[in-house]
Amino acid sequence: MALKMVKGSIDRMFDKNLQDLVRGIRNHKEDEAKYISQCIDEIKQELKQDNIAVKANAVCKLTYLQMLGYDISWAAFNIIEVMSASKFTFKRIGYLAASQCFHEGTDVIMLTTNQIRKDLSSPSQYDTGVALTGLSCFVTSDLARDLANDIMTLMSHTKPYIRKKAVLIMYKVFLKYPESLRPAFPRLKEKLEDPDPGVQSAAVNVICELARRNPKNYLSLAPLFFKLMTCSTNNWVLIKIIKLFGALTPLEPRLGKKLIEPLTNLIHSTSAMSLLYECVNTVIAVLISLSSGMPNHSASIQLCVQKLRILIEDSDQNLKYLGLLAMSKILRTHPKSVQAHKDLILQCLDDKDESIRLRALDLLYGMVSKKNLMEIVKKLMTHVDKAEGTTYRDELLTKIIDICSQSNYQYITNFEWYISILVELTRLEGTRHGHLIAAQMLDVAIRVKAIRKFAVSQMSALLDSGHLVASSTQRNGICEVLYAAAWICGEFSEHLQEPHQTLEAMLRPKVTTLPGHIQAVYVQNVVKLYASILLQKEQAGETEAAQEVTQVMVERLPQFVQSADLEVQERASCILQLVKHVQKLQAKAVPVAEELSALFAGELNPVAPKAQKKVPVPEGLDLDTWINEPPSDSESEDEKSKTIFREEEQKHTQHRQPEVDEAELARRREARKQEQANNPFYIKSSPSPQKRYQDAPGVEHIPVVQIDLSVPLKVPGLPTSDQYVKLEEERRHQQRLEKDKKKKRKREREREKKGKHRRQRSLPTESEEDIAPAQQVDIVTEEMPENALPSDEDDKDPNDPYRALDVDLDRPLADSEKLPVQKHRNAETSKSPQKEDVPLVEKKSKKPKKKEKKHREREKEREKEEQRKPSRHKKQHRKEKAGRSKGKKAKQQPPTCAEAAGPVENGAAEEEPLPPMSSYCLLAENAYIKMTYDIQASLQKESQVTVSIILENQSSSFLKNMELNVLDSLNTKMARPEGSSVHDGVPVPFQLPPGVSNEAQFVFTIQSIVMAQKLKGTLSFIAKDAEGATHEKLDFRLHFSCSAYLVTTPCYSDAFAKLLESGDLSMSSIKVDGISMSFQNLLAKICFHHHFSVVERVDSCASMYSRSIQGHHVCLLVKKGEKSVSVDGKCSDSTLLGNLLEEMQVTLAQC
Amino acid sequence: MQFMLLFSRQGKLRLQKWYVPLSDKEKKKITRELVQTVLARKPKMCSFLEWRDLKIVYKRYASLYFCCAIEDQDNELITLEIIHRYVELLDKYFGSVCELDIIFNFEKAYFILDEFLLGGEVQETSKKNVLKAIEQADLLQEFQNQERASWAEVASRHHEHSAPTCSVSGAESCCITTALGEVPTEEGRGTLSITDSV
């Protein structure tokens, strides 16, 4: 042994350690990949060795390589080996590796359950700690379910070091296994008042995280948190609590009112910026929730804004950024308070940090009003000129457009100014947002009718200037603007001052360098323009001029016909033919203009972007029904076996398909016709009367408004928006004067009327409402279909991972929600089901159970790994192995009757809810304490069982020095610590504060298991309360039934048959009458209480199997009659069988 | 907190801790993207940026970037405080920590982080307690190693590469060796100034 160790150590010396590896990688900069692959080969060799130190070293190196991006998932099993090392040094490395590379998809994770459980209950707090830390990184839903109870127990550990870790990890467990939240919550709540501040802070953390997702369930905790907030001095905790309140207040305004005062106090007093920031944020949240009808909180708002101003003025970029961020939250509800700091925000636009400038831009968006829009945009325009990076400049551009177009151009009083701004923006070179500007131009020109004339004049100037066309070669987006310009000039060509000039501009050869889609628009709109010129000339009788225009068209259009773009080519050649035809007619002096313009008759209305989505589904239209019958099943007879799953689906849909008869079809057709008649988007067969040019009804009723003539209609050259600012100011001044005059007159009149005169209450001040827009703008709203659904339910997220945690925490805990306890399935109870009220969690559904079954099989494998004892166990394992390989075979075979019964072997009832069942039953109870117990047996230990006792403190006293003692019998003895006598009790390893429960485990040794046993025992403890301590005792009788020694063991029907045939089993039977329970549930009960598994079930007859810890086989044949059940049993020991059947009779009698 | 990354000015990852389960592929993608984004930022820019639906808080200490991802409602300043606290812990443990300490003892850096944060939440706010826990765990390790160590001594006489502490060649150390600046927090504001490499 010693020699082996020396050898191992020396071996290690020749291996690379982590430092060598790191150094090696750094020395092989050129051929790093090669060097590492060499190292990985070495590591693989090291992992094959028996020495755990060598393995740990290898795993440590792998963890480093994983960080460098190398895949180490192949070593997952080795990592588990190192995790289960007994020495902390290695265990630590194993868990680190696992936490770095294990994830949901790592399948060997299944094997870790037992190891982790062992480490969690290790006497060394560092073993426990390292397991908890690791688990927090790779916990899966399976691990969460299996370990939830263990972790919950650790929440009451004696060491705060473990308690705080256990509390924190519970959050991860809740996320993975939401069912654990309700049972664990009471204890979590307790931890809020833990004497250790670290544990307390951990509990606050977890509850805060939970409450942020589902605040309404945590409202009842508000008083407790309020208390914590007022007495805590730890800023880390305070921040969490305040954040929690931020989540709660929107649901409970009264809470908000109460919070304002302590929060403002904190804001005044604290020097920690992080806390101040959190307080301000929460005050803002509170004020938002209170915003309706709480005028007296303007002081708090002022305070917040003031503090934020200090943050923004700070030289620290971080504080500046956060100040702006918080400011934007206030802005949403209290824009006025923020607008007062416009100067400061505008200053931030000059900041050297781009992220701060962007934040400031966000703020500006909300700060504009009719009054200051022009000023702010002017400022932004100067920044556009100054901006260096194109990204920031593009951001500015989009912000300007956002600011101006927000809420349907609410703040724009002068659209001529806006058009000029847009035109100015087109001078930006290299922007990606040409299409945005274009979209705005189109939108404004279409929707604001009064502006069309002005827009057309500006657009024709754009077309004329040509600088945009030139820039198209630089492959940037600004030429997109020409798309809009061309369309506007064509569509509204009647407003053009000099249409002929524009036509020329649009037919320039340079145009062919533009992108195809823009050229296409050019071609299309050239015709519109041409049509309107023709109309004009013909009406004026200038036939010659008209012919000239046609000639220009005929000459210039061929350049488009040659275009490489299909769309352009097609349109151009089509139009060229049309124009040639017109030319012929003109030669014959036939007037064509009227007919030509009829091509483009009609008004184009804007359609809302969501219109299509909002079209209601017509009555009678069922989108789920088949239009044609689905292909019948008979055809696909051959494929059937291959597509098992598809078949199921098909059946499902077929089932849903309603039968449609002739009358129904006729009714639907009628309804559809009705619907079409009402639907404006449905193109009807008869020509619409609305398709007449200009004189169409519905156009006149839109008031076309006079344009303010103080603005020159055509700005020579390109316009500058600045002049509008001046003009606008003058105009407003004028307005004010007029208003004042009116008021004066009114006042005078009033004075005349009433003899006494009163003082005017307020001086005339300019308010938002006073500014009348320059144009009476009629903004055409976007069209929506009739019967459009009013609500917007587009943005709800259906798969929110936190939804599962939305559970009512105040409802008393139903026992059904108890956390699964280790091996509870092996437990036994002799109590009647009526008195028990704890159903099994797993019985709810089939799915998790299957998983668990697989899981448990794997665990067994794992246990085997650990088993080093040769002797008797080997035999058992071999048998198990045989069973498992058979299982594999069975899975590959097509499902048989027996297999079909397999998944329900433990009796998950589908038709009928299962009565509640519990593995724990009452042991004893008095005013202080309640004890419930469960006995667990394991196939690995043939003469030993573990008794788990849950001790629940029912009093208001503190219980400590608990000690459990039993009077041993010859057959059954309690395992006591070494060196103690048979009369000594075993101390319970924890204390119980009031209301707390915890579980303790005691090991008993048994010689013979064929008879049930009862042991007398006593629990002694000291109860301590305010008045003093008393010594108390509680007597109990521990009942070891024969079923407790059975362990649920799966058995396959062929093995079962062989067993029955072997003939060395003795036989016995019972019959119970008066049974009303369904057979399914009956089997479930036997499985649960007596630890059997169903081998095969045919109708109302089932065979079951179980095995004792000492290797007795027990076979049952259960038959259900009218109102009775008969059980025939075969067992290798007749006494055991007799006793078992007796116990079973008691259980069945209660069904 | 969703994850924490440590990387060098050259973009080399030095430590990664993920508090949300993600596949390796996704992790690599995020890391690459973030390292690029953060390294591209100018030194005078603020420490926060919005990235996907998360907020990134980062801080540079000498040649190392510490980078955390937090959720929308989380407090940026306290996250900076967490980063700073972690740097202080490293500094106390290694004694004026430098990037090489973290490279060569990366498992220690993880152990310290694990004592400080668990599942993305602060588990221990007291520096003293964190260090105490680490020291005691190390002590336990030492105790277990004692036996092996005595053998190692014997073996080391026969083997030249078994220097117990990491020795670094001069050329290597001059490019990285810079003590991480430990600057006391100004009035608890969490504003940490950057000490650049010499």
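The values are calculated or read from the model by the stated rules, or taken from the named source; none is laboratory data. For clarity, every value in this text was computed on a predicted model and none was experimentally measured. We place every Cβ from the backbone using ideal geometry, glycine too, and count neighbours over all the protein chains shown.
Some points to look at:
For (1) surrounded by fewer than 24 Cβ atoms within 10 Å (Cβ to Cβ); (2) in contact with an Asp or Glu (Cβ under 8 Å, 6 or more places away or on another chain); (3) within 14 Å of chain B (Cβ to nearest Cβ), each residue gets a yes or a no:
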site	(1), (2), (3)
A:MET110	yes, yes, no
A:GLN115	yes, no, no
A:GLN125	yes, no, yes
A:THR128	yes, yes, yes
A:ALA131	no, yes, yes
A:LEU135	no, no, yes
A:THR140	yes, yes, yes
A:ALA144	yes, no, yes
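- Residues that are over 22 Å from A:ALA937 (Cβ atoms) and in a strand (DSSP E or B), drawn from region A:1108-1151: A:LEU1117, A:VAL1118, A:LYS1119, A:LYS1120, A:VAL1125, A:SER1126, A:ASP1128
- Selection status of B:THR79, in contact with a strand residue (DSSP E or B) (Cβ under 9 Å, 6 or more places away or on another chain) and either in contact (Cβ under 8 Å) with a residue 24 or more places away in the chain or facing another protein chain (nearest Cβ under 7 Å) (or both): yes
- Annotation: of all residues in region A:62-101 being in a loop (DSSP other than H, G, I, E, B) and more than 9 Å from every other protein chain (Cβ to nearest Cβ), the one that is farthest from B:LYS28 (Cα to Cα) is A:SER86.
- On inspection, B:ILE70 passes the criterion of being at pLDDT 90 or above and either among the aliphatic types (A, V, I, L, M) or surrounded by fewer than 22 Cβ atoms within 10 Å (Cβ to Cβ) (or both).
- Take the conditions (1) out of contact with any Ser or Thr (no Cβ under 8 Å at 6 or more places or on another chain); (2) more than 9 Å from every other protein chain (Cβ to nearest Cβ); (3) buried (at least 22 other Cβ atoms within 10 Å of the Cβ); B:ILE103 misses just one of them, which is (2).
- For region A:1003-1055, the candidate set comprises residues that are among the acidic types (Asp, Glu) and touching a residue at least 12 places away in the same chain (Cβ under 8 Å); within that set, the residue that is farthest from A:MET931 (Cα to Cα) is A:ASP1054.
- Residue in region A:182-202 that is of a type in the set (S, T, N, Q), away from chain B (no Cβ under 13 Å) and assigned to a helix (DSSP H, G or I) present: no
- Tally of residues being assigned to a helix (DSSP H, G or I), touching a helix residue (DSSP H, G or I) at 6+ places or on another chain (Cβ under 6 Å) and among the basic types (Lys, Arg) across region A:1085-1102: 0
- Filter result for A:GLN1013 (at pLDDT 80 or above and within 49 Å of the chain's Cα centre (by Cα)): no
- For A:ILE43, the test of being closer than 22 Å to B:SER23 by Cα, out of contact with any Pro (no Cβ under 8 Å at 6 or more places or on another chain) and surrounded by 15 or more Cβ atoms within 10 Å (Cβ to Cβ) is failed.
- Any chance A:ASN235 is farther than 23 Å from A:ASN214 by Cβ and away from every other protein chain (no Cβ under 13 Å): no
- Matching residues in region B:22-47 - criterion: being within 16 Å of A:GLU354 (Cβ to Cβ) and facing chain A (nearest Cβ under 7 Å): B:LYS44, B:MET45, B:CYS46, B:SER47
- Pair list, Cβ < 6 Å and 6+ apart or interchain, from region B:120-131 residues that are not assigned by TED's automatic domain parsing to the domain that holds B:HIS84 and in a helix (DSSP H, G or I) to residues that are crowded, with 18+ Cβ neighbours inside 10 Å and of a type in the set (Lys, Arg): none
- Exactly one residue out of A:LEU168, A:LEU248, A:LEU219 is within 21 Å of A:ILE284 (Cβ to Cβ), touching a residue at least 24 places away in the same chain (Cβ under 8 Å) and buried (at least 22 other Cβ atoms within 10 Å of the Cβ): that is A:LEU248.
- Listed by position, the helices (runs of 4 or more DSSP H) inside region A:313-419 whose residues that are of a type in the set (Val, Ile, Thr) and either in contact (Cβ under 8 Å) with a residue 40 or more places away in the chain or crowded, with 21+ Cβ neighbours inside 10 Å (or both) number at least 3 are A:373-386.
- Lone unmet requirement of (1) at pLDDT 85 or above; (2) over 46 Å from the mean Cα position of the chain (by Cα) for A:MET1104: (2)
- Scanning region A:1113-1146 for residues being touching a residue at least 60 places away in the same chain (Cβ under 8 Å) and under 18 Å from A:LEU1059 (Cα atoms) gives a total of 10.
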